[in-house]
Amino acid sequence: MARRAFITGITGQDGSYLAEFLLGKGYEVHGLIRRASTFNTSRINHLYVDPHDEAAQLFLHYGDLGDGARLVSLLGELRPDEVYNLAAQSHVRVSFDEPEHTGDVTGVGSMRMLEAVRMSGIHTRFYQASSSEMFGASPPPQNEQTSFWPRSPYGAAKVYSYWVTRNYREAYGMFAVNGILFNHESPRRGETFVTRKITRAVSAIKAGVQDHVYLGNLDSVRDWGYAAEYVEGMWRMLQADEPDDYVLATGGSFTVRDFLTAAFAHAGLDWEKHVRFDERYLRPAEVDALVGDASKARERLGWVPTVDTAELARIMVDADIEALACAGRPWIDTVRLESWGTK
Ligand code: NAP
Ligand code: G4F
């Protein structure tokens, strides 16, 4: 019998890589998707096999982290061996505009998932997508012992999820773990996170269809890794003998300005000629520096990332240049329309 995994957030960046990874390991994969008026499966369409086909191993189910009853019935019906809770309102700047919604989905939503596991009476291993944003203003390098000091409604919601996951482990003996992941990116990264915003702008500027891009704070420091490598770390946490919490990070430290330099230089461009400042991209409270120490994951899980931030920038620029060349006008339109109220 194939092992069965259930992924919330399967349509997101990490969910798509994790689904790919688990299918490659022979898992039957079930994903939770939100009903939308348009298709929202672009990141996993390449994995589609008609569910009527006997070879199909990937199945999607409508649901929402706001709907606890649905989560209980789905988990009771599917009885997965492993549950990966990746769904969230995951944008830090947007969490200042939508704090209540972020608290409900990114915070209480995790408790609804844990409760659904408990109430459906299944024996499953549970992964919670915790975040380096929880460390916030605590100085780097940050590891599993570092105090939390969240600086946004998103960070505070993730701290709640972290502790409720630990609480279900301690109170009910559940195999429930927190992966505390530092920033990880890819060509599938959401278009309004800073790395992807930059690499899309590079490709459009290089093609001569855009001249400049508006950004906020260029001084913040991040430890940017490659998402495809991080999902293996999630899986490894659920294969351990005992449940525990782990940091995943590269240990590298780059400013937004450094990322700009690497991305523009890779396309033969000088970023200083193309970047303008817009204060609406600033946050009411900023996280100045996140640099992770992942030695526990390396020693106990054997997890070692290989792609550093400079290589990641090149991978993302190349992918966006190719995407623009293939899609042409519709792709260019999405670059232009991105500034409609998004941050
Ligand atoms: P992402 O691309 O923004 O994906 C978020 C996913 O959550 C999407 O599939 C989204 O569905 C789904 N979702 C949002 N609200 C939902 C709701 N109410 N009910 C059900 N599903 C909902 O995020 P990501 O970068 O893949 O990150 C995955 C997880 O890791 C998130 O929890 C994030 O906070 C956390 N994390 C990310 C990073 C990072 O650097 N990427 C670092 C640390 C932690 P739609 O596609 O329909 O919007
Ligand atoms: O790309 P960002 O929006 O990512 P941020 O805030 O670090 O959050 C990401 O990583 C977290 C892990 O630490 C995740 F939990 C979270 O879900 C998300 O994936 O911003 C990075 C930095 C910030 O300091 C921001 O102020 O870039 C700065 N920045 C400068 N100009 C900008 C912009 N960020 C965005 N999104 N857009 C800008 O125009």
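Within the range 282-319, can you find the residues that are open to solvent by less than 50 Å² (accessible area, probe 1.4 Å) and more than 20 Å from the chain's Cα centre (by Cα)?
285, 295, 296, 301, 302
What residue, of 230, 226, 246, is buried (at least 18 other Cβ atoms within 10 Å of the Cβ), within 15 Å of ligand 1 (Cβ to nearest atom) and more than 22 Å from residue 189 (Cα to Cα)?
Answer to the selection: 246.
Which one is least open to solvent (accessible area, probe 1.4 Å), of the residues in the range 129-156 that are of a type in the set (A, V, I, L, M, F, W, C) and within 16 Å of the chain's Cα centre (by Cα)?
Here the residue is 134.
Somewhere in the range 7-18, is a residue open to solvent by 30 Å² or more (accessible area, probe 1.4 Å), more than 11 Å from ligand 1 (Cβ to nearest atom) and more than 19 Å from residue 164 (Cα to Cα)?
No, because not a single residue in the range 7-18 is open to solvent by 30 Å² or more (accessible area, probe 1.4 Å), more than 11 Å from ligand 1 (Cβ to nearest atom) and more than 19 Å from residue 164 (Cα to Cα).
Please find, within the range 87-106, the residue that is surrounded by the fewest Cβ atoms within 10 Å (Cβ to Cβ) out of those that are assigned to a helix (DSSP H, G or I) and touching a Ser or Thr at 6+ places or on another chain (Cβ under 6 Å).
92
Residue under question is residue 283, and the condition is that it be in contact with a helix residue (DSSP H, G or I) (Cβ under 6 Å, 6 or more places away or on another chain), closer than 30 Å to residue 173 by Cα, touching a residue at least 24 places away in the same chain (Cβ under 8 Å) and of a type in the set (D, E, K, R); does it hold?
Considered against the rule, which asks whether it is in contact with a helix residue (DSSP H, G or I) (Cβ under 6 Å, 6 or more places away or on another chain), closer than 30 Å to residue 173 by Cα, touching a residue at least 24 places away in the same chain (Cβ under 8 Å) and of a type in the set (D, E, K, R), residue 283 comes out as no.
Suppose the filter is more than 29 Å from residue 108 (Cβ to Cβ), in a loop (DSSP other than H, G, I, E, B) and in the same structural domain as residue 41 (by TED's automatic domain parsing); does residue 150 pass it?
no
Quick one: residue 159 ticks every box in (1) within 12 Å of ligand 2 (Cβ to nearest atom); (2) in a helix (DSSP H, G or I); (3) buried (at least 22 other Cβ atoms within 10 Å of the Cβ) bar one, so which box is it?
(3)
The values are calculated or read from the model by the stated rules, or taken from the named source; none is laboratory data. Everything numeric here is computed off the predicted structure, so don't read it as measured data. Cβ: placed from backbone, ideal geometry, glycine included. Neighbour counts: every protein chain shown. Areas reflect the complete protein model, heavy atoms only, side chains present, ligands, DNA and RNA absent. Shrake-Rupley method; radii C 1.70, N 1.55, O 1.52, S 1.80 Å.
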